[in-house]
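So the structure is just underneath, and the comments pick up after that.
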Amino acid sequence: METAAQIPTEMKKSGRHARHLYTSKIIKAGALLADTKTLLAHWELDSSVDANVQRVQSQNIFGKASRSRVEDILRIFRQRYLTETSVTQALVVLVKQRLSASALDQILYFHSAHSDRLLFDTVIDILGPQQATGLIDVNPDDIQRTLIKWVGEGKTASDWSDHTIRRVSQGLLSALRDFGVLRGAVHKRIAPTLLPITAFAYIMFFLKQHQSSGTQLIHLPDWKLFFLPPEGVERFLFEAHQSNLLEYHAAGSVTRLTFPTDSLEEYANVIAERSH
């Protein structure tokens, strides 16, 4: 565990701790849905990550004029989808087996939010409470005010200028629009929750690998990324059970949740086959 002595002096003074910092990467990243699908479609599971990345760079599969832009895409891709081998393998299966765009986009959104705490918290702490009150119009000024507050609380790696805060706010709103969380080109609104049952089942499988308790699974904050309360999660579980994507039984405080496979990659195959 990192001790206080190991934290840089300037970070101590600002109260910033590297493990819990928000970054401004969203400015360069966005949703990158088309590029991500292109990359996954060309990914070779029997090759290493480095070999895949080198091949992608040499073949220029994105058709980008700027080498730096390709490097930005690959850097974000590593952060979002390459930290767990099982996730990479599962996503390659889903893309190559042509899972519907609506389901795949929600899965990519989930992993992107998991890899970027700023994106995650923007939905959970700003949009979620707003949506719960029935307000769907998103005011960029509200986003910026919260970002200013977070900067002041030492949640960013460095002090962000007003210009950076505006760009980060714009990046967040654009990414969330592309992921389908928001809609509207200029005036953004929170979109109705449209989570395909196959995407829900995949996400539930992923979460269960990290949290074994069925009861706690229903109450994880991750579901707030889709504005789902616990009772909404349970409704999805019953629907997935009826669709033979999993087995879910609840009796009082006792729940039993099982899946037809043990690995995420195998389950991706199940989902892809049953979605056609």
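Here, each number is a calculation from the coordinates, and none is a lab measurement. These figures come from a predicted structure and were not determined experimentally. Ideal geometry is used to build each Cβ from the backbone, glycine not excepted, and the neighbour counts take in all protein chains shown.
Output the direction-averaged projected area (hull surface divided by four) of the convex hull of the alpha-carbon atoms of the chain, in nm².
Working: hull surface 67.6 nm².
Quarter of the Cα hull surface area: 16.9 nm².
If I stretch the segment between Ala132 and His187 completely, what's the gain in nm (0.36 nm per residue apart, minus their alpha carbon distance), one decimal?
On the way: separation 55, 0.36 × 55 = 19.80 nm, distance 1.95 nm.
Roughly 17.8 nm would be gained on extension.
Assigning unit charges at the beta carbon (Lys, Arg +1; Asp, Glu -1) and nothing else, what dipole magnitude in debye, to the nearest 20, does the chain show about its Cα centre?
Numbers: 31 positive and 29 negative charges, 161 e Å.
Dipole magnitude for the chain comes out near 780 debye.
Which whole-number percent gives the relative contact order of the chain, counting Cα pairs below 8 Å spaced six or more residues apart? Mind showing how you got there, number by number?
Working: 283 pairs, mean separation 68.2, N = 276.
Here the relative contact order equals 25 percent.
Would you calculate, for the chain, the mean residue ellipticity at 222 nm contributed by helices, counting each DSSP H stretch of 4 or more residues as -39,500 (n - 2.57) and dividing by all residues, to the nearest 500?
Working: 15 runs with 155 residues, N = 276.
That comes out to -16500 deg cm²/dmol.
Mind giving me the nanometre distance, one decimal, between the label points for Ser102 and Glu234, set 7 Å out from Cα along Cα→Cβ?
Spacing of the two 7 Å Cα→Cβ label points: 2.6 nm.
Let me check I've understood the local charge: for Pro229, count other residues with C-beta under 15 angstrom from its C-beta, Lys and Arg +1, Asp and Glu -1. What total comes out? Intermediate results must be reported in sequence, preceding the final value.
On the way: positive: Lys224, Arg235; negative: Asp222, Glu231, Glu234.
Here the count lands on -1.
Could you give the length gained by full extension between Ser47 and Lys28, i.e. 0.36 nm per residue of separation minus their alpha carbon distance, to one decimal place?
Working: separation 19, 0.36 × 19 = 6.84 nm, distance 2.76 nm.
In short, 4.1 nm is gained.
Got a sec? How would Phe238, Phe62, Phe77 order by Cβ neighbour count within 10 Å, fewest to most? List each step's numbers first, then the result.
Details: Phe238 12, Phe62 18, Phe77 21.
The fewest-first ordering by Cβ neighbours comes to Phe238, Phe62, Phe77.
Quickly work out the Asp125-to-Asp178 label distance, labels modelled 7 Å from Cα along the C-beta direction, and quote it in nm with one decimal.
2.4
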